[in-house]
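Scroll down for the structure; my scribbles are underneath it.
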Amino acid sequence: MDAEAEERFREFVANRSSALLKTAVLLTGGDRHAGEDLLQNALVKAAGRWQRIDEPEAYVRQILYRQQISRWRLKWRRREVSVAEPPETSATQDASNAAELRLVLRAALSRLTDRQRTVLVLRYFEDLPEADVAALLGCSVGTVRSTTHRSLARLRVHAPELAALGPADAEQLPSRDFSPVEVRS
């Protein structure tokens, strides 16, 4: 491009870029950044052919339209496909989730009373039936049930993320790696 053509191109950009930008923003659905990118690409293409263009504004607008149509086509082909089941997660994500759950569980258990913590550990961690827990603690089965109910309610308050766990998620909770709770006889 010679100096005269370059000067005409600069004048065109200075005079018409705001109007062309409005068109580009509208073409991109109101996304100003995408509109700026679209206009910049159109002006780069027009600059390469500037000396052969008779109607510069019409030419640049035509490039804008065609570029946007190409973007729609590319977006359509690159769109994610919805599936019934989520993709498998990586091992590092599972490990970090398990570690986070362990920390949350420990913090929540530390906020319970000794009796509440003991009942939950014996019932769910040790998987003992209510009668065995009652015999170990020297209380009635009804007391174990009511303590379990109140303890779980308190856990849900202190750690709501634990309440949302399903059976598969519960496997990520600690198996026997936290400090045992002293059982009173």
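The values are calculated or read from the model by the stated rules, or taken from the named source; none is laboratory data. Every value quoted in this text rests on a predicted model; they were computed, and no experiment measured them. Cβ: placed from backbone, ideal geometry, glycine included. Neighbour counts: every protein chain shown. Please note that ligands, DNA and RNA were not included when accessible areas were found on the heavy atoms of the full protein model with its side chains. Shrake-Rupley method; radii C 1.70, N 1.55, O 1.52, S 1.80 Å.
Among the residues of the range 103-131, those identified as modelled with pLDDT under 90 and surrounded by fewer than 16 Cβ atoms within 10 Å (Cβ to Cβ) are LEU103, ARG106, ALA107, SER110, ARG111, THR113, ASP114, TYR124, GLU126, ASP127. Scan the range 159-170 and give yes if some residue there is modelled with pLDDT of 80 or more, surrounded by fewer than 16 Cβ atoms within 10 Å (Cβ to Cβ) and either outside any loop (DSSP other than H, G, I, E, B) or of a type outside the set (Ser, Thr, Tyr) (or both), otherwise no. Yes, some residue in the range 159-170 is modelled with pLDDT of 80 or more, surrounded by fewer than 16 Cβ atoms within 10 Å (Cβ to Cβ) and either outside any loop (DSSP other than H, G, I, E, B) or of a type outside the set (Ser, Thr, Tyr) (or both).
Restricted to the range 32-54, and to residues that are within 28 Å of GLU4 (Cβ to Cβ), in a helix (DSSP H, G or I) and basic (Lys, Arg), which residue is least open to solvent (accessible area, probe 1.4 Å)? Across the range 32-54, the extreme among qualifying residues is LYS45.
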